[in-house]
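*Asks:* Could you have a look at this structure, given as structure tokens, before my questions?
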Amino acid sequence: MTEFLSAIYDHLFVYIGAYMFLALGLMLFTGIPVAIALGGISVISALIAINMDFLGASIFYQIVNRIFGGDGASGAIQNPILVAIPCFVFMGTMLEKSRVAEDLLQILTVLLRRVPGGLALSVTVMGTIMAATTGIIGASVVMMTLLALAPMLARGYSPTLATGTIAASATLGILIPPSIMLVLMANLLAVSVGNLFIGALLPGLVLSGLYFAYILTVATLRPSMAPPLGEHEIDLEPYQRSNLFLFLGITAAGWIVAFFASASHLADAVNWYLIAFLVMFGASALVGRREGNTLLGGILKGFFPPLFLIVLVLGSIFAGWATPTEAAGVGAFGSILLAWVNRTLTWETMTSVVNRTGLTTAMIFFIFVGATAFSTVFRNVYGEDLIIELIEHLQLSPWALLFVLMFAIFLLGFFFDFLEITLIILPVFAPIIRGMAPTFAAHLGMDPPTSIIETQALEAQVIYWFAILVAVNLQTSFLTPPFGFALFYLKGSAPSSVKMTEIYRGIIPFVILQLIGLAIVLEFPSLALWLPEVVFGR
Amino acid sequence: MDGMLSAARALDRITRVVGKTAGWLILPLIAVIMFDVVTRKIDVTRLYFAEWTATSGISVSTVMQDMQWHLHAFLLMLTFGIGYLANTHVRVDIFREMMSRRSQAKLELFLLIVFAMPFLIAMVAYSWELFTVSWLQNEGSESMTGMGARYIVKSSMFIGFVIMTCAAVATILRLIVDLYGSTRQQQEALDELQIFSSAADELEAARLASERALIEEKRKARH
């Protein structure tokens, strides 16, 4: 009997990390909140390990300490980077609830009215600009369905094209910056958020460009799937010339003043070009409000302001004026201003945005806390060594390993949101990726590293590339039938006349486009690495 | 059973009040970031504050940056509880959806007692230790010019986990009443529980809204 017990003891001693993962897999499917499953398993495993004299009770102190963060650890609390998350959530929610998103879609429809498939194209463009909105897959898909599906169906768009466009455009938000997922990834992989944002920009635009080209082709070849709008549908009042000149005048004056001021002795006082940009931003919103519901008014108050806001947020990160956290705060403030200009900043809007932001923040960070507890215990029972041993045991080439990891993430994407995948799986994969870095040097167009500094630089590059591959991969996974969970939310919020088979058929071309996009990023890493290099230098 | 229900109601109330109040911290957070960014980008204010740092030993910018994550700490920790009560925490719902409501309740009750409570109790106990250690050392900021009194922000973890425990206990009490109370009590408990796949309800509301929108849009398109 004692032999038996000691055999169990020895077995557990080595494999407790593996059992933690097994238990996690089982627990998640009971449907308990993911964070509680993570926390519960880590505390129970820690108790078992303490009982075996494997760990001391100090493990619990270590957990709370790591949740708190500080000392360069990527904790939840003392971590200036993560402050960006509630701000981005607030900004996205505010743009949605203050109907800025809705107005944007409307003006895009008007602008693209003569282009074949104009409605579907406006959804794609809106998905690209509004990628920031919430960044939580389910919420984005439901929002886009509510805004865009009925108008498309009513104008005779085929349900397959309409639903495919909506699902694909709504999930762009996890890739195109400012994306919450990229903030979390950068934090976990210990790389720069700004750099990752810039890296994701081109791949994101390539994907939305692919969608755009596909919709345009389908609408041109088969007009029955995307009939053009009737001329009578959009009746535009003539716009007032004076307002156009007012806007152009203010904008030009702003830039001219900025040009001369930055050449004068006042050059260093403030960033004059930024001021000119803000003046243009303000003029657009205010003149647009004066102009009202004409084409000019729509462009000035519906199209430019959200576009300028995103440009301001991303531009100030890329230009190095602001950290991502500061940019997020400025973006959140800007979204309040937009709502105010839009005359939708009521007490109810504010309350509902604040409540929703609080709940979404809680949702993201509770998983963060649970995952921190889990990974602390996992590391202390040498779980990471188990994984590395397993990988070595498989004896795969780095390329094969990369494909295995990507496929695993793709499968996980069927069941889990990006939160669980980024927070639980990425920390496990990160050391593997870092280890593979030298092999990928040639593929990334870099020389094999010869010093520690060069190795670190190379590892960072590989991680940027890998993070973007994961983002595109996950987006594909969320769209792939029959499990893809963007489709589930789409079906749930679409009118019941839309059938699941139509959604499946509609999404397949987009999944193929996604795979093409993934292949492009895989084959040409410079797509993700070139722009950051230009902006920041190496 | 009625006592349990009213205890649950009290805990629920505390959790919701704290959670809703903490949600509003996002506004001061945005204001602090804006203030910091603007004052650092304009020469006059930057120089003014730099001089101020030299005389008083407090850097406004460092304090503002510390302030950001202090506010964020309370925002994120104090909303866990309300997030659980409102059922916004992520669940993997695939199999749960297939279960009857009663077995969902039994499973949730079991898992709350076996998994959530040990976790929460451990976190409450050790975050209390984290707080008291900091308090006894009178811990300050790492940077000379930052915000002092580090124990204030460390208390956010303790308070947050206590509030989350309140939410868990309230749900445990209601689930017990829902499973084993009289018919009337069961109904009352059920009305107060939001943990049963409410995502489905939200989706249903969204679906009805898009049905209405479709009819409306069709009418518009015909004119």
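*Asks:* In the list B:Thr62, B:Thr55, which residue meets the criterion of being touching a helix residue (DSSP H, G or I) at 6+ places or on another chain (Cβ under 9 Å), modelled with pLDDT under 95 and among the β-branched types (Val, Ile, Thr)?
*Replies:* Unique residue meeting the criteria: B:Thr62.
*Asks:* Could you tell me which numbered condition A:Arg379 fails, if it satisfies all but one of (1) over 27 Å from the mean Cα position of the chain (by Cα); (2) within 14 Å of chain B (Cβ to nearest Cβ); (3) not hydrophobic (A, V, I, L, M, F, W, C)?
*Replies:* (2)
*Asks:* If a residue must be more than 8 Å from every other protein chain (Cβ to nearest Cβ) and surrounded by 14 or more Cβ atoms within 10 Å (Cβ to Cβ), how many such residues does the range B:100-111 contain?
*Replies:* Summing the residues that are more than 8 Å from every other protein chain (Cβ to nearest Cβ) and surrounded by 14 or more Cβ atoms within 10 Å (Cβ to Cβ) in the range B:100-111 gives 3.
*Asks:* Return the residues of the range A:235-281 that are in contact (Cβ under 8 Å) with a residue 12 or more places away in the chain, in a loop (DSSP other than H, G, I, E, B) and within 17 Å of A:Ala319 (Cβ to Cβ); say none if nothing qualifies.
*Replies:* Hit for the range A:235-281 is A:Asn271, nothing else.
*Asks:* Could you tell me whether the range A:134-141 includes any residue that is touching a Leu at 6+ places or on another chain (Cβ under 8 Å) and at pLDDT 85 or above?
*Replies:* So far as the range A:134-141 goes, yes, one or more of its residues are touching a Leu at 6+ places or on another chain (Cβ under 8 Å) and at pLDDT 85 or above.
*Asks:* Is it true that some residue in the range B:178-201 is within 8 Å of chain A (Cβ to nearest Cβ), small (Gly, Ala, Ser), within 27 Å of the chain's Cα centre (by Cα) and on the phi < 0 side of the Ramachandran plot?
*Replies:* For the range B:178-201, residues within 8 Å of chain A (Cβ to nearest Cβ), small (Gly, Ala, Ser), within 27 Å of the chain's Cα centre (by Cα) and on the phi < 0 side of the Ramachandran plot: present.
*Asks:* If I ask for residues that are in a loop (DSSP other than H, G, I, E, B) and buried (at least 16 other Cβ atoms within 10 Å of the Cβ), which ones from the range B:16-57 would you list?
*Replies:* Correct list: B:Trp24, B:Leu25.
*Asks:* Of all residues in the range A:70-90, which are buried (at least 19 other Cβ atoms within 10 Å of the Cβ) and within 9 Å of another protein chain (Cβ to nearest Cβ)?
*Replies:* A:Ala76, A:Ile77, A:Gln78, A:Asn79, A:Leu82, A:Val83, A:Ile85, A:Pro86, A:Cys87, A:Val89, A:Phe90, listed by residue number.
*Asks:* On the basis of being closer than 30 Å to B:Ala31 by Cβ and either buried (at least 24 other Cβ atoms within 10 Å of the Cβ) or in contact with a helix residue (DSSP H, G or I) (Cβ under 8 Å, 6 or more places away or on another chain) (or both), does A:Met144 make the cut?
*Replies:* No; evaluated as a whole, the condition is false for this residue.
*Asks:* Continuing with the same structure: Could you pull out the residue among A:Leu337, A:Leu307, A:Leu312 that is within 12 Å of another protein chain (Cβ to nearest Cβ), assigned to a helix (DSSP H, G or I), within 18 Å of the chain's Cα centre (by Cα) and within 23 Å of A:Thr128 (Cα to Cα)?
*Replies:* Answer to the selection: A:Leu312.
*Asks:* While we're looking at this one, here's another question. When you check B:Leu179 against the structure, is it buried (at least 18 other Cβ atoms within 10 Å of the Cβ) and either in contact (Cβ under 8 Å) with a residue 24 or more places away in the chain or closer than 24 Å to A:Gly358 by Cβ (or both), yes or no?
*Replies:* In short, no.
*Asks:* If you don't mind, another one. Tell me, yes or no, whether the range A:397-420 has at least one residue that is within 30 Å of A:Ile50 (Cα to Cα) and crowded, with 19+ Cβ neighbours inside 10 Å.
*Replies:* yes
*Asks:* Please determine whether any residue of the range B:139-151 is closer than 25 Å to A:Leu359 by Cα, facing chain A (nearest Cβ under 8 Å) and either over 13 Å from the mean Cα position of the chain (by Cα) or of a type in the set (A, V, I, L, M, F, W, C) (or both).
*Replies:* No, the range B:139-151 has no match at all.
*Asks:* Within the range B:65-83, work out how many residues are of a type in the set (Phe, Trp, Tyr) and facing another protein chain (nearest Cβ under 7 Å).
*Replies:* 2
*Asks:* Residues that are of a type in the set (D, E, K, R), surrounded by fewer than 18 Cβ atoms within 10 Å (Cβ to Cβ) and closer than 23 Å to B:Val38 by Cα: does the range A:265-286 have at least one?
*Replies:* yes
*Asks:* Identify the single condition in (1) under 25 Å from A:Tyr489 (Cα atoms); (2) within 7 Å of another protein chain (Cβ to nearest Cβ); (3) buried (at least 20 other Cβ atoms within 10 Å of the Cβ); (4) not β-branched (Val, Ile, Thr) that B:Arg96 does not satisfy, given that it satisfies every other one.
*Replies:* The one condition B:Arg96 does not meet is (3).
*Asks:* Just give me the residues in the range A:315-325 being over 15 Å from A:Ser179 (Cα atoms) and in a helix (DSSP H, G or I), in sequence order.
*Replies:* A:Ser316
For (1) modelled with pLDDT under 85; (2) among the aromatic types (Phe, Trp, Tyr); (3) touching a strand residue (DSSP E or B) at 6+ places or on another chain (Cβ under 6 Å), each residue gets a yes or a no:
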residue: A:Glu291; (1), (2), (3): yes, no, no
residue: A:Lys301; (1), (2), (3): yes, no, no
residue: A:Phe304; (1), (2), (3): no, yes, no
residue: A:Ile310; (1), (2), (3): no, no, no
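*Asks:* Confirm whether A:Ala23 is at pLDDT 90 or above, out of contact with any Cys (no Cβ under 8 Å at 6 or more places or on another chain), surrounded by fewer than 23 Cβ atoms within 10 Å (Cβ to Cβ) and not hydroxyl-bearing (Ser, Thr, Tyr).
*Replies:* yes
*Asks:* Would you kindly identify the helices (runs of 4 or more DSSP H) lying entirely within the range A:34-133 that contain at least 3 residues that are within 30 Å of B:Arg150 (Cβ to Cβ)?
*Replies:* So the answer is A:34-51, A:58-68, A:84-97.
*Asks:* Which of the residues belonging to the range A:285-300 are of a type in the set (Gly, Ala, Ser) and either assigned to a loop (DSSP other than H, G, I, E, B) or over 14 Å from A:Leu104 (Cα atoms) (or both)?
*Replies:* Of everything in the range A:285-300, just one residue is of a type in the set (Gly, Ala, Ser) and either assigned to a loop (DSSP other than H, G, I, E, B) or over 14 Å from A:Leu104 (Cα atoms) (or both), namely A:Gly292.
*Asks:* Do we find that B:Thr132 is modelled with pLDDT of 85 or more and exposed (fewer than 14 other Cβ atoms within 10 Å of the Cβ) in this structure?
*Replies:* no
*Asks:* Here's a check for you: in the range A:179-234, which residue that is surrounded by fewer than 17 Cβ atoms within 10 Å (Cβ to Cβ), assigned to a loop (DSSP other than H, G, I, E, B) and not hydrophobic (A, V, I, L, M, F, W, C) is modelled with the lowest pLDDT?
*Replies:* Only one residue fits best here, namely A:Gly230.
The values are calculated or read from the model by the stated rules, or taken from the named source; none is laboratory data. Keep in mind it's a predicted model, so treat the numbers as computed, not measured. In this analysis, Cβ positions are derived from the backbone assuming ideal geometry, glycine residues included, and neighbour counts consider all displayed protein chains.
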